[in-house]
Amino acid sequence: MTLARLPRLLGILALGSTLVSGAPLWAGDSPGLVEPSPSEGAPGAFTFAAVVRRAQELAAADYQPDRPALPDYLADLDYDKYRDIRFERTESLWKQEGLPFQMQFFPRGFLFKDRVTVNIVDNGVSQTVPFRHDLFDYGKNPVPEEMPSDLGFAGLRLLYPINKDDVFDEVVVFLGASYFRGVSKGLNYGITARGLAIDTGLPTKEEFPIFREFWVFKPAADAVDITVFALLDSESVTGAYSFVIRPGIETVMDVKARLFMRQSVQKLGIAPLTSMFFHGENTDRFLDDFRPEVHDSDGLLVENGTGERIWRPLVNPRGLRVSDFVAQNPHAFGLFQRDRDFTRYEDLEAHYQNRPSALVEPIGDWGQGVVELVEIPSDAERYDNIVAYWMPERQPQPGDELKLEYRLRFGQDPEAGLLGGRAISTRIGAAGTDILDSSQRKFVVDFAGKSLAQLPAETKVAAVVTSSSGELSKPVVQWNPHTQGWRLFFELKPDGNRPADLRAFLRHDNDVLSETWSYRWVRE
């Protein structure tokens, strides 16, 4: 089993560009674009249907990656040398026209070997952006003055003024396989989304589809959103994707996908999210780190079709963990960074308190399936070790076509309007009277929320706690004036080495006051 480690690079590689004077990409009367093909040349002719047809055509043939050989001066780059290549900000597409969005590109090299074609759609006409040597400042890398014109790009990024009206900030990056990231006002890059996840968490090799071609629609002068089409390709599946992207306090993407199966897979992960969890408040083993917590996300949220809302705190396990949450027509799922207090992290460089949460909201009938959480052991924060996605109950077969639609939100608090109680912290420690006996475990879960804060402190709030194994103590619920919520205490006496699947929620009489806290405890 493998997990791509590209995403941990994106937030760094996507930041910053050197300001060097030069002619803009569209300078002069000729924009320097490749002429459109006849089938795409008529105004108004290029639509999403054209990308769907391309995906269908690809699916009917064997997979052929677009990975022409790179010159050694690009193919042999290491991380630091690749990062030293910066896009010239003066060359940003649409900068000279003063449009509300700008676009920049990434060069091929280092880990990014695939050639990605980028097209601009203007008045219905699709034209390819050609590679040019002078679009980049290569830093200290020794490169020739002339480079092959067919090198192509590795990906793209979009900029929009989300923090200040006169400053264009990066809001979306597409780079590496089918990975893409979004960021919203006041936040840093963190969690990553993907087009698809295939065979994740299996002992066999994971498959990583790639967005091999993009079509970016030129924005109007007053545009607040931008449309991007993408063509996905891999050994097992092809796909056509549409992204309508609206940056702001939340950066929202409306996603449509048409998938065509070349061959069967063991797992098809829909709307996957990838993140990092190294350690947190619930980590009950010693890690020699001055920082209390280190993670991009601290929990998985699942709102299944029955109306139940589940919160699963993330862990960095000793061994691979795969957890499934049954979700027929799921209302939402996502990986969240709920803890926004700097003192929880004490990291002046990473600013983990400013990492976005990401919420997937399915549109239409997704049918029966599960939200699957994969937690992979990690010995450093530089690795993305958390994956979550929706997996249909019936795995598609060769020749099948899938139509999917969902909304993806990147923001500080996608659940800000929630009134009910949320599990905001999970702590675990030794239980019982013998401090040398660590076999019994104490769980302390804090719930907070607007509805809980409105209850009088003397309200008789109770908890329902269950476990799949072991013995539970009687739960105790106490008002917590520091969170304006309620704290749950209970103890678990494990049954040997058997894992314990724990669930808990708060209630008052017959009224449910909180989401369901879910946790898998494993002796490590």
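The values are calculated or read from the model by the stated rules, or taken from the named source; none is laboratory data. This structure is a prediction, so every number in the text was calculated from the model and none was measured. FYI the Cβ positions are ideal-geometry reconstructions off the backbone, even for glycines, and counts take in every protein chain you see.
Quick one: would you say residue 507 is more than 31 Å from the chain's Cα centre (by Cα), not aromatic (Phe, Trp, Tyr) and not assigned by TED's automatic domain parsing to the domain that holds residue 315? Considered against the rule, which asks whether it is more than 31 Å from the chain's Cα centre (by Cα), not aromatic (Phe, Trp, Tyr) and not assigned by TED's automatic domain parsing to the domain that holds residue 315, residue 507 comes out as yes.
Scan 414, 456 and give me the residue that is in a loop (DSSP other than H, G, I, E, B) and free of Cβ contacts under 8 Å to residues at least 12 places away in the same chain.
456
If the condition is being part of a loop (DSSP other than H, G, I, E, B), at pLDDT 95 or above and surrounded by fewer than 23 Cβ atoms within 10 Å (Cβ to Cβ), then the stretch 114-129 contributes 114, 115. Is it the case, given these coordinates, that residue 329 is surrounded by fewer than 18 Cβ atoms within 10 Å (Cβ to Cβ) and in contact with a Phe, Trp or Tyr (Cβ under 7 Å, 6 or more places away or on another chain)? For residue 329, the condition - surrounded by fewer than 18 Cβ atoms within 10 Å (Cβ to Cβ) and in contact with a Phe, Trp or Tyr (Cβ under 7 Å, 6 or more places away or on another chain) - is met.
Residues that are touching a residue at least 60 places away in the same chain (Cβ under 8 Å), loosely packed, with under 14 Cβ neighbours inside 10 Å and closer than 20 Å to residue 211 by Cα within the stretch 67-94 comprise just one, 68. When you check residue 171 against the structure, is it in contact (Cβ under 8 Å) with a residue 60 or more places away in the chain and at negative phi, yes or no? So residue 171 fits the description; yes. Scanning the stretch 131-176 for residues that are outside any loop (DSSP other than H, G, I, E, B) and among the aromatic types (Phe, Trp, Tyr) turns up 136, 153, 160, 168, 174. Taking the criterion of being assigned to a loop (DSSP other than H, G, I, E, B) and crowded, with 24+ Cβ neighbours inside 10 Å, the only residue of the stretch 179-188 that qualifies is 183.
Tell me the strands (runs of 3 or more DSSP E) entirely within the stretch 246-288 that contain at least 2 residues that are of a type in the set (Phe, Trp, Tyr).
Numbers: elements: 251-261, 268-275, 277-279.
Answer list for the stretch 246-288: 277-279.
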